[in-house]
Amino acid sequence: MKTIYRAFAPVMAALVLCAALAACGQSAAPAAVTAPADTASENDTGDSAPVETTGTAELSGTVNTDGSTSMADVMGVLTETYREVQPGVTVNYSGTGSGSGIEGVLAGTCDIGLSSRELKDSETEQGAVAHVVALDGVAVIVNPENGVADLTVEQIADIYTGKVSNWSELGGDDAPIAVYGREDGSGTRSAFEEIVGVEGECAYTNEYGSTGDVIGNVAGNANAIGYASLSAVDDSVKAVAVGGVTPTEATVKDGSYAIQRPFLMVTKDGVELSPAAQAFLEYATSPDVAETIAAAGAVAPN
Amino acid sequence: MQAVFFLCGLVAVGFVLLITVYLVLSGLPAIRQIGLFDFLLGSTWAAGQGQFGILPLILTSVWGTAGAVLLGVPVGFLTAVFLAKVAPRRLADVVRPAVSLLAGIPSVVYGLVGMIVLVPWLRDALHLPAGDSLLAAILVLAVMILPSIINLSETALAAVPKEYEEASLALGATDLETYFRVSVPAAKSGIAAAVVLGIGRAIGEAMAILMVAGNVANMPALTKSVRFLTTGIAIELNYSAEGSLQRQALFSIGLVLFLFIMLINVLLDLVLKHDKEV
């Protein structure tokens with residue numbers, strides 16, 4: 001009998017881990033809670049000189065940003081370069097997903113929300129205001145061995161809905177198509193499905209939990225097609241042209257590449273930002289940071 | 001000193017209670033909102049479309065575990081008999097550390113090897129678009145549960161009193177007859193515990209199968225991409241919005257998983273008790 005109870009141990013251990021994970025997930029948002037209202041009332045705010053604020057006045061404080069995980073790279077370089085401009089300001093970033101970032105800024109649990117999709121009507125109605133920081137192309141990627149190099153948006157839609165299931169129908173080899181994508185809730189997935197017009201109709205072969213997994217698995221399977229943020233695409237996979245337009249920085253910027261999305265910083269209408277947060281927002285949307293944003297693989301809008 | 005032991009014992013009990021209460025409290029709201037029937041028996045999981053049926057996940061977990069046990073138990077059991085009874089000492093001294101090593105390999109490494117070796121091999125061998133499938137997950141799980149089955153079964157077999165076997169041999173039974181007719185029945189409850197431990201490990205595993213199963217919530221089929229109860233939680237937890245129905249439904253999956261494991265343990269307990277009484 002005793003051995004039986006010993007058998008419970010790993011089962012319980014698995015459960016503990018499970019619950020611990022769940023608890024982590026829950027505590028993430030409250031941890032980002034700050035008191036922007038306090039700092040806002042103490043300092044003189046409403047400084048409207050856009051670029052100069054970042055250079056002249058010494059600011060201090062903490063800016064909490066929360067949202068899209070796709071924006072991790074962009075936020076990384078912005079945070080890093082901003083430290084040189086305003087050493088007294090600490091910018092925190094927590095990647096919780098676009099939806100919860102917007103939710104956070106509306107609820108006041110963070111200073112600036114980060115969204116890698118356009119705001120929904122329901123969100124703008126609640127006072128969410130978008131500031132475009134960068135543009136990001138969603139590249140459609142295939143294995144380098146794949147002969148197909150150009151697809152139309154309709155063909156991509158047909159592949160993802162399962163209407164087309166063999167590469168020979170698209171001018172490639174006679175091989176079944178392995179349709180890869182991200183899991184439900186991913187910003188890249190919702191951006192891709194929305195732009196291509198296949199929301200909720202996708203017949204995925206496999207789903208992956210991160211952009212890196214999608215790229216890695218497309219690189220490892222000659223039958224595969226996937227999508228990933230343009231900035232994350234490397235030489236291990238081939239980005240196909242969409243409607244004859246190759247996804248590059250230039251084609252994203254001029255709007256000719258069809259599958260693209262904005263990287264937004266979201267604030268709430270009527271809520272005054274702390275001087276530090278205001279200055280960081282102005283810094284991030286100023287033309288000065290174009291090179292910085294390009295270094296992160298995204299495209300600056302101006 | 002007694003109090004220290006008692007307190008340590010309480011820690012474990014406390015955590016079990018804490019987790020149970022937490023899972024029930026966080027798992028029930030979504031079930032109430034979705035409806036127990038729609039949640040457990042719904043055949044479509046598409047969080048984006050507001051569909052939260054976990055039947056495919058439940059069936060995948062059941063089939064995946066059953067498949068792993070079906071493959072892993074015979075191999076593990078015979079290995080245990082080999083180690084405990086048949087193997088010459090020197091050979092056993094090589095096999096035993098290998099088994100221990102197998103037990104020590106982190107599950108992410110199993111997943112990695114499965115992803116890099118097994119999955120492409122299955123794809124080519126079976127001419128599939130992609131090799132990620134229930135079959136791949138079963139194969140990985142079968143290997144993963146081997147060490148627990150081997151170790152526990154071997155311990156149980158080694159604990160069989162020598163006199164039983166000597167008596168059997170003295171009556172003219174061959175070595176093999178003695179092992180399977182005398183030693184194994186005597187070690188029955190230990191071996192059954194080994195099987196349950198294997199089931200527990202298989203049904204609770206997430207990381208390794210996350211990497212080889214493909215993770216689409218299809219109804220289970222051997223060569224199709226599937227999503228287990230565990231991987232269902234793991235893959236969507238990161239990006240599900242705080243407080244959303246999707247996030248809550250993931251806790252509900254956790255609750256279902258918890259009940260599953262409870263059920264397995266209770267059933268086994270009953271079987272063993274019955275066994276003892278007869």
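Below is a table of values for the structure above.
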item	result
Label point distance in nm, B:V62-A:E194, each placed 7 Å from Cα along Cα→Cβ	3.9
Shape box of the stretch B:56-277 [Cα atoms, principal axes, largest first, Å]	68, 42, 27
Environment charge at A:A134 (Cβ cut-off 14 Å; Lys +1, Arg +1, Asp -1, Glu -1)	-3
Residue-averaged [θ]222 nm for chain B, counting only DSSP H segments that reach four residues, each worth -39500 (n - 2.57)	-23500 deg cm²/dmol
Dipole moment magnitude, nearest 20 debye, the protein assembly as shown about Cα centre, only Lys, Arg, Asp, Glu C-beta charged	3240
Inter-chain Cβ neighbour average for residues B:194-204, partner chain, 10 Å	4
Förster radius 41 Å - calculated FRET efficiency between B:L70 and A:K163, Cβ distance, rounded to 0.05	0.65
Quotient of Cα Rg and 2.2 N^0.38 Å for the stretch A:137-260, N being how many residues it contains	0.93
Exercise: per-residue mean of other protein chain Cβ atoms within 10 Å, B:129-135	6
Helix runs (DSSP H) in chain B reaching 30 Å along axis by Cα, Kyte-Doolittle at least 0.0	B:2-34, B:55-81, B:134-158, B:245-277
Too-long pairs where the Cα-Cα distance tops 28 Å, listed order kept, from A:K163/B:K224; A:K238/A:K268; B:K188/B:K224; A:K238/B:K224	A:K238/A:K268; B:K188/B:K224
Accessible area expressed per residue, the stretch B:56-277, with surrounding protein chains retained (probe 1.4 Å, Å²)	43
Coordinate range along principal axes, alpha carbons of the protein assembly as shown, Å, largest first	100, 69, 49
Spin-label pair A:E84/A:K120, simplified geometry with 7 Å Cα→Cβ offset, distance in nm	4.0
Label point distance in nm, A:N92-B:I105, each placed 7 Å from Cα along Cα→Cβ	4.1
Peptide B:229-237, shielding by other chains (average Cβ, 10 Å cutoff)	4
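The values are calculated or read from the model by the stated rules, or taken from the named source; none is laboratory data. As the structure is a computational prediction, the values presented were derived from the model and not from experiment. All Cβ positions, glycine included, derive from the backbone under ideal geometry; neighbour counts span all protein chains shown. The protein model used for the area step is the full one, side chains on, heavy atoms only, and it has no ligands, DNA or RNA in it. Shrake-Rupley method; radii C 1.70, N 1.55, O 1.52, S 1.80 Å.
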